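Structure first, then comments.
The values are calculated or read from the model by the stated rules, or taken from the named source; none is laboratory data. All figures in this text were calculated on a predicted structure; none of them were measured in a lab. Cβ atoms come from the backbone with ideal geometry, glycine included; neighbour counts cover every protein chain shown.
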Amino acid sequence: MIVGGEWLGLLSKFVSSLIQRGIRATAARAMMWARIRLLPVLWLREVHAWSTADLAVERPRLLLPGTLSVVRGDLAHLPLLGSLDAVALPEAAARLARGAQLWLVLHEGRAVYSGWVFHGQAPTVAARTGWLHLPPRVANPEDMVTAPDYRGRGLASAMYTRIFDDLEERNLADRVVGKVPLGNTANRRALIKSGWREFAHVELLRIGPWRRIRVHPVSADRSLTQLFEWLSTELASHVGVAMSRSVPAPEKP
Ligand SMILES: CC(C)(COP(=O)(O)OP(=O)(O)OC[C@H]1O[C@@H](n2cnc3c(N)ncnc32)[C@H](O)[C@@H]1OP(=O)(O)O)[C@@H](O)C(=O)NCCC(=O)NCCS
């Protein structure tokens, strides 16, 4: 959302760009800005795959390469996030303040992975407030990022094992839930390798202030029905949700 003061700043940037670059280059930059900043405000369609893992059942035990070290991050670690395409520092500080856990993998003094674990509430674009209430003893790992030059070495998958172990050891949760854009094959594969199972696909269509959400079950497993009901009910408390009861054929990421 662009707020009042920002428009003035944009206007002055526009004028100085006109002076420095001329009409053509400024128009091209303005179009690019509108595509990136304005279009998602006016029109947004997203499909997320929601997955879960039961921490009590047997799950894959994936290990990080021994040369990497894992830390639970605090305020002092936030500058390290600058080397990753992770959340902005004010947002990271706000997350720590509301009790989210930050996980970092360090190598040669640099963060090569970061990930978050939320308790109580999960950040969710589909929710009007931006947050969904989590069921008791269910945690929400989110926003995992591996540095591009460290991808494909099993960091994200092994960090899920590490995070699950920590939640279990400190008795913080019995289960995790999380979402990933349907097109994010890399993260969906990391989830499957580390023992997650998909239970719903959530389609959000937003046109200006109007929004529609569709929730589809993607597992015939009855033990996941309760989670599907929780997700549908939570989303319905934000907006009218069309729930589909049919289970489509499983789709491989
Ligand atoms: C998703 C992400 C965190 C996975 O991290 P990772 O440490 O590379 O994960 P893993 O090594 O455990 O590999 C998981 C999958 O990534 C894919 N992958 C492998 N090498 C890759 C590479 N060089 N580049 C991108 N993806 C690769 C593979 O599909 C792999 O699964 P497979 O081994 O079964 O084929 C990482 O790709 C990333 O940071 N992406 C950008 C941010 C993002 O999308 N985060 C998720 C938000 S929901």
*Among the residues of segment 147-185, which ones are free of Cβ contacts under 8 Å to residues at least 60 places away in the same chain and of a type in the set (Ser, Thr, Tyr)?*
Tyr150
*Residue satisfying all of: in segment 157-177; among the polar types (S, T, N, Q) and not in a loop (DSSP other than H, G, I, E, B); surrounded by the fewest Cβ atoms within 10 Å (Cβ to Cβ) among these*: Thr161
*How many residues are of a type in the set (S, T, N, Q), over 15 Å from Ser194 (Cα atoms) and within 16 Å of the ligand (Cβ to nearest atom) when one looks only at segment 157-184?*
1
*Some residue of segment 236-245 being of a type outside the set (Val, Ile, Thr), modelled with pLDDT of 65 or more and surrounded by 14 or more Cβ atoms within 10 Å (Cβ to Cβ)*: yes
*Taking segment 58-88, which residues are closer than 14 Å to Asp143 by Cβ and surrounded by fewer than 16 Cβ atoms within 10 Å (Cβ to Cβ)?*
Asp85, Ala88
_Take Ala200 and tell me if it is modelled with pLDDT of 95 or more, of a type outside the set (Lys, Arg), farther than 19 Å from Arg61 by Cα and away from the ligand (no atom under 15 Å from the Cβ)._
yes
*Here is a list of conditions, (1) within 20 Å of the chain's Cα centre (by Cα); (2) modelled with pLDDT under 95; (3) farther than 30 Å from Arg214 by Cα, and Ala28 meets all of them except one; can you say which number that is?*
(1)
*Restricting attention to segment 127-156, report how many residues are closer than 18 Å to Glu168 by Cα, within 12 Å of the ligand (Cβ to nearest atom) and surrounded by fewer than 21 Cβ atoms within 10 Å (Cβ to Cβ).*
1
*Inspect segment 88-101 for any residue being in contact (Cβ under 8 Å) with a residue 24 or more places away in the chain, out of contact with any Cys (no Cβ under 7 Å at 6 or more places or on another chain) and either within 16 Å of the ligand (Cβ to nearest atom) or under 16 Å from Ala53 (Cα atoms) (or both) and give the result as yes or no.*
no
*Quick one: count up the residues across segment 25-57 that are surrounded by 13 or more Cβ atoms within 10 Å (Cβ to Cβ) and among the β-branched types (Val, Ile, Thr).*
3
*So is Val180 within 17 Å of the chain's Cα centre (by Cα), at negative phi and not in a helix (DSSP H, G or I) or not?*
yes
_Yes/no for Leu204 being crowded, with 19+ Cβ neighbours inside 10 Å, within 16 Å of the chain's Cα centre (by Cα) and either acidic (Asp, Glu) or over 26 Å from Glu108 (Cβ atoms) (or both)_ = yes
_Positions within segment 106-126 being within 16 Å of the ligand (Cβ to nearest atom) and either closer than 22 Å to Val47 by Cα or touching a residue at least 60 places away in the same chain (Cβ under 8 Å) (or both), in sequence order_ = Gly115, Trp116, Val117, Phe118, Ala122, Pro123, Thr124, Val125, Ala126
